[in-house]
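Asks: Once you've had a glance at the structure underneath, I'll fire off some questions.
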Amino acid sequence: MMERYDIHRSIPAILLALMVAATIFYAFVEVGFGEPEVDKEDSVSNRFISNSTQETGSSNFVTAVVVNYRGFDTLGEVTVLFLASAGMGAIVSALPAGDKRKRPIPPSLILTAGTRLVLPLIILFGAYVFVHGHLSPGGGFQGGVIIASGLLLYIVIFPEWKAPHKALALSESLAGLSFAGIGIIGLAVGGIFLDNVISGLGEAGMLVSAGLIPLIYIAIGIKVGAEMTGLVARMKGGDA
Amino acid sequence: MEVTELVVYGSILLLAAVGIWGILSRRNLIKLILSLTILETAVNLLLVSVGYISGRSAPIVNGDTGLDGSPIGEIVDPLPQALVLTAIVIGLATTAIALIVAVGYYRSTGTLELKSWSYGLTNEKEVRK
């Protein structure tokens with residue numbers, strides 16, 4: 001069915017959208033754009049920027065905040081992602097079976113050969129991004145999503161491929177457990193859950209530095225990669 | 001008002017307006033979910049732009065900013081960026097759930113249009129066509 005351009009519905013929607021946009025504009029025009037608020041001594045960001053290189057050893061301040069200062073929050077975030085993935089599995093198993101359409105046109109040789117060539121490189125790049133999360137832009141979430149995007153390409157090109165849901169669930173659970181386990185190491189040694197007990201290890205700016213941050217980001221990367229792959233494979237349907 | 005400020009706030013307002021308009025006026029489930037993510041992008045962009053400081057670089061220390069000592073005065077605020085990272089992940093989770101509900105709607109009704117959700121403004125027969 002073609003979606004008609006419904007003028008009755010659009011005019012109030014446009015008016016409301018403009019009102020909300022104007023409200024945002026008036027709320028934030030006073031905030032000041034690009035002003036150095038961090039330079040104030042009593043701001044939280046100032047505390048983070050001043051001390052995070054010494055305290056965490058991470059070159060990337062966003063990583064230091066996400067994994068070290070707000071590590072507990074990140075554990076909750078990973079839990080939300082797990083819940084979404086588990087909830088999707090539950091919904092999929094309750095869905096009526098999709099209608100079996102006729103087989104799509106098989107992909108050409110260029111697509112299949114190209115996918116086989118590119119997939120390992122995408123996975124390697126994803127692993128690079130989450131291993132270097134404390135040194136460069138990126139981290140566990142971004143690397144995991146890159147890996148899942150590579151597998152999404154594989155699922156699109158080879159629709160017959162059955163995703164190994166059990167192996168994905170296993171690696172996801174193990175990665176989640178190791179994140180919590182690293183937190184408990186901090187509790188046992190330093191007395192604080194997720195305490196970065198070996199932050200002094202290595203030289204700042206090198207691959208082996210920032211203590212437990214790279215280990216946590218590797219766990220997050222594997223977890224997010226497995227979760228996203230399972231999610232995308234479930235979205236395809238057929239193997240609910 | 002600088003050009004950067006104009007461009008950034010302009011994009012935020014445009015994205016927010018498009019997202020709200022899409023949520024209110026579209027009946028296709030995929031378009032609804034897309035509008036939701038567009039609105040989410042506007043909020044994320046707004047949060048990141050609050051932490052922006054003119055003329056400063058990304059919050060990563062390297063050879064230029066010095067590996068030790070504090071780079072105060074050289075980098076932008078990392079805290080909003082970390083918060084937005086969380087917001088993006090949560091947004092992804094909700095989008096995934098919304099999409100799988102859309103798959104279920106499609107499998108049980110054979111369409112992605114929200115037929116009965118017509119606010120009484122559209123004739124039911126016309127929608128069924």
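The values are calculated or read from the model by the stated rules, or taken from the named source; none is laboratory data. What you see is a predicted model; the values in this text were computed from it and never measured. Glycine gets a Cβ as well: all are built from the backbone with ideal geometry, and neighbour counts include every protein chain shown.
Asks: Given the condition within 11 Å of chain A (Cβ to nearest Cβ), in a loop (DSSP other than H, G, I, E, B) and surrounded by fewer than 17 Cβ atoms within 10 Å (Cβ to Cβ), answer yes or no: does some residue in segment B:2-20 qualify?
Replies: Looking for residues that are within 11 Å of chain A (Cβ to nearest Cβ), in a loop (DSSP other than H, G, I, E, B) and surrounded by fewer than 17 Cβ atoms within 10 Å (Cβ to Cβ), one finds at least one in segment B:2-20, hence yes.
Asks: Taking A:ALA94 as meeting all but one of (1) within 12 Å of chain B (Cβ to nearest Cβ); (2) at pLDDT 85 or above; (3) surrounded by fewer than 23 Cβ atoms within 10 Å (Cβ to Cβ), write down the number of the exception.
Replies: In the conditions (1) within 12 Å of chain B (Cβ to nearest Cβ); (2) at pLDDT 85 or above; (3) surrounded by fewer than 23 Cβ atoms within 10 Å (Cβ to Cβ), A:ALA94 misses (2) alone.
Asks: Hey, B:LYS31 hits all of (1) more than 7 Å from chain A (Cβ to nearest Cβ); (2) closer than 19 Å to A:LEU15 by Cα but one; which does it fall short on?
Replies: (2)
Asks: Which count do you get for residues in segment A:25-77 that are part of a loop (DSSP other than H, G, I, E, B) and crowded, with 24+ Cβ neighbours inside 10 Å?
Replies: 3
Asks: Looking at (1) modelled with pLDDT of 80 or more; (2) assigned to a loop (DSSP other than H, G, I, E, B), which is the only condition B:LEU24 fails?
Replies: Unmet condition: (2).
Asks: A follow-up question, please. Go through segment B:80-96 and give me each residue that's of a type in the set (Gly, Ala, Ser) and within 7 Å of chain A (Cβ to nearest Cβ).
Replies: Scanning segment B:80-96 gives B:ALA82, B:ALA93, B:ALA96.
Asks: Could you list all residues from segment A:8-45 that are within 20 Å of B:LEU47 (Cβ to Cβ), within 7 Å of chain B (Cβ to nearest Cβ) and polar (S, T, N, Q)?
Replies: Scanning segment A:8-45 gives a single hit, A:SER45.
Asks: Out of the residues in segment A:205-231 that are more than 17 Å from A:LEU119 (Cβ to Cβ) and among the hydroxyl-bearing types (Ser, Thr, Tyr), state the one that is nearest to the chain's Cα centre (by Cα).
Replies: A:TYR217
Asks: Please give the helices (runs of 4 or more DSSP H) falling wholly within segment A:102-204 in which 3 or more residues are aromatic (Phe, Trp, Tyr) and under 20 Å from A:ILE218 (Cβ atoms).
Replies: A:109-131
Asks: Ok, one more. In the list B:LEU39, B:LEU13, which residue meets the criterion of being at pLDDT 90 or above, within 15 Å of A:MET19 (Cα to Cα) and touching a helix residue (DSSP H, G or I) at 6+ places or on another chain (Cβ under 8 Å)?
Replies: After ruling out the rest, the residue left standing is B:LEU39.
Asks: Which one of these is outside any helix (DSSP H, G or I), within 7 Å of chain A (Cβ to nearest Cβ) and either at pLDDT below 80 or touching a helix residue (DSSP H, G or I) at 6+ places or on another chain (Cβ under 6 Å) (or both): B:GLY66, B:GLY120, B:GLY73?
Replies: After ruling out the rest, the residue left standing is B:GLY73.
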